[in-house]
Structures are given as C-alpha cells and as structure tokens.
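These notes concern the structure reproduced below.
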Amino acid sequence: MRRVLVLGGTAEARELARMLHDDPRFAVLSSLAGRVADPRLPMGETRIGGFGGPSGLAAFLADGGVDVLVDATHPFAATISRNAALAAEAAGVPLLALVRPEWRPGSEEAWTRVPTVAAAAQVLQRRAGGRAALTTGRQDAHEFAALDDWWFLIRVVDAPSGPLPRRHVLLHDRGPYTIDSERALLRENTVDLLVTKNSGGDLVSAKLAAARELGVEVVMVDRPPRPAGVPAVPTAAAAYERLVART
C-alpha cells in the first residue's frame with residue numbers, strides 16, 4: 001500500500017482523494033491549509049493546518065512514511081507550492097502537481113491582464129469609476145479599499161479581515177455557479193467590470209460566460225509562476241493514472 005499525501009482544498013484534490021480512497025493499493029491523507037472556516041472535506045483521512053514551512057513538511061514526509069506528494073492546491077497558492085517543491089526534494093519524495101488548465105479569452109474577448117491583484121486595483125484607479133464585481137477572494141479585497149469612485153460587489157466565502165472600499169456589498173457565497181445565476185447577478189447589480197483571478201476549471205467559470213454575454217469588461221489576474229521542474233497533470237483522473245503507473 002502506497003501512502004499519498006495530497007495538499008488539497010480544491011475540487012480536483014477531493015476528486016483525486018476519492019479515487020485513491022476507493023483503491024486498496026493506496027492510503028490517502030489530504031491536508032487542508034485551514035483558511036476556510038467550513039471547508040468541504042475529502043474522502044479518507046484529513047489533516048487541517050500548516051506544516052511549519054518546507055523543513056516542517058519535509059520532516060512530516062519522512063516521519064509519516066509518505067511515498068508520493070501531490071500538490072493539488074489552488075493555482076494561486078504560490079507559497080504552498082514552493083514549500084512543497086523544496087520539501088519533496090529535501091525528503092527525497094516524488095512530487096506531482098495537479099494543476100487545472102488556465103482560462104483563455106475567446107476570439108471576441110479582450111481581457112485586461114495584470115500580474116497581481118494590486119495591479120488590478122491600479123487599473124481601476126486610473127478610471128473615472130463604475131460598478132465592479134470582485135471575485136479575487138477575501139485576502140485581496142483590501143487592495144481596493146481606497147477606490148472611493150467605485151462601487152463593489154465583493155463575493156467571498158468567508159468575511160474579509162482587512163479594510164474594504166467605502167461603497168460595497170458583501171456577498172457570501174460558494175460555487176459552483178450557473179450562467180443563468182451569474183448573468184442575473186451581474187444584471188441586478190448593473191456591473192460593468194469584473195475583476196477575477198485566473199483560477200481555471202469549471203466550478204466558477206460561468207461568470208466569464210455571463211460577462212461575455214453582457215459586455216462586461218474583465219480584468220484578469222494572471223497566475224503566479226510555479227516551481228520549475230515539477231511534473232504536472234491537468235485533471236484528477238490523469239493524476240490517478242500517473243500514481244497507478246508508479247505502483
């Protein structure tokens with residue numbers, strides 16, 4: 001039986017954990033960072049909380065007899081992915097990244113692409129104002145706090161802890177979403193600009209289709225770079241097949 005540690009928190013991580021849990025050749029442990037108050041738990045054994053940086057994770061891999069480490073975290077969890085690469089190398093444990101494909105603009109779309117959420121806020125700061133939907137997560141909402149000329153619909157799972165824009169509405173919600181519901185949300189709030197991260201996947205992609213239909217401008221935050229030299233697959237099924245091939 002091969003012991004697999006899945007750094008999770010994503011839908012793909014839960015799907016992979018289910019596949020491994022159902023296969024008697026594997027013992028799966030999923031690790032969640034603990035940043036969401038009420039996370040969706042995967043099948044199999046679960047731990048919540050950090051490891052104490054790369055050295056702590058390396059020690060956990062060695063002490064726990066982990067045979068394979070899978071980084072199935074959010075595409076914007078850059079620190080965790082970097083720690084995983086360093087820890088796997090230090091512990092001599094194979095590392096596989098499960099990275100969902102990026103969103104791509106259609107032929108008739110012209111996204112404004114920026115490298116960071118702070119850069120997205122600068123794009124809005126140069127404008128005269130308007131009504132924006134903000135779906136970048138609770139940890140980044142503070143970047144827009146000084147934009148008094150804008151009204152924001154801020155969609156989050158958990159409440160932001162930092163300062164918020166003077167004119168805003170908080171919407172506590174969690175995907176998946178449908179095109180119909182996203183279209184209605186944008187229309188009812190007369191949104192003319194959407195700020196989002198390039199998370200990829202199908203779980204929350206409906207907002208892009210709705211924005212395209214309604215002519216809502218999109219400011220897209222590009223993903224941070226991933227650690228070099230780590231093999232990656234795009235789906236849970238592909239990750240499972242790669243792990244089976246190692247048995």
>> Step by step: first the residues of segment 144-170, then only those that are open to solvent by 70 Å² or more (accessible area, probe 1.4 Å) and of a type outside the set (A, V, I, L, M, F, W, C), then the one that is modelled with the lowest pLDDT. Which residue is that?
In response: SER161
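Within segment 1-52, how many residues turn out to be basic (Lys, Arg) and crowded, with 19+ Cβ neighbours inside 10 Å?
Residues of segment 1-52 basic (Lys, Arg): 2-3, 14, 18, 25, 35, 40, 47.
Filter again for crowded, with 19+ Cβ neighbours inside 10 Å, leaving 14.
Selection size over segment 1-52: 1.
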> Which members of segment 169-194 meet the condition of being within 18 Å of VAL219 (Cα to Cα) and in contact with a strand residue (DSSP E or B) (Cβ under 9 Å, 6 or more places away or on another chain)?
Replying inline: LEU185, LEU186, ASN189, THR190, VAL191, ASP192, LEU193, LEU194
> Which of (1) of a type in the set (Phe, Trp, Tyr); (2) touching a residue at least 60 places away in the same chain (Cβ under 8 Å); (3) closer than 23 Å to LEU124 by Cα does PHE152 not meet, given it meets every other one?
Replying inline: (2)
>> Quick test for you: out of ALA132, ALA118, pick the one residue that is hydrophobic (A, V, I, L, M, F, W, C) and open to solvent by 30 Å² or more (accessible area, probe 1.4 Å).
In response: ALA118
> Tally time: how many residues in segment 53-75 are open to solvent by 10 Å² or more (accessible area, probe 1.4 Å) and touching a strand residue (DSSP E or B) at 6+ places or on another chain (Cβ under 6 Å)?
Replying inline: 4
> From the set of residues in segment 180-207 that are open to solvent by 40 Å² or more (accessible area, probe 1.4 Å) and free of Cβ contacts under 8 Å to residues at least 40 places away in the same chain, which is nearest to the chain's Cα centre (by Cα)?
Replying inline: ASP202
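Taking the conditions exactly as written (over 19 Å from GLN125 (Cα atoms) and in contact (Cβ under 8 Å) with a residue 24 or more places away in the chain), does ARG174 satisfy them or not? Break it down stepwise before answering.
On the way: over 19 Å from GLN125 (Cα atoms): yes; in contact (Cβ under 8 Å) with a residue 24 or more places away in the chain: no.
The answer is no for ARG174.
The values are calculated or read from the model by the stated rules, or taken from the named source; none is laboratory data. Keep in mind that this is a model prediction, so the values were computed, not measured. All Cβ positions, even for glycine, are placed from backbone atoms using ideal geometry, and neighbour counts span all protein chains on display. Calculation scope for accessible area: heavy atoms of the full protein, side chains included, ligands and nucleic acids excluded. Shrake-Rupley method; radii C 1.70, N 1.55, O 1.52, S 1.80 Å.
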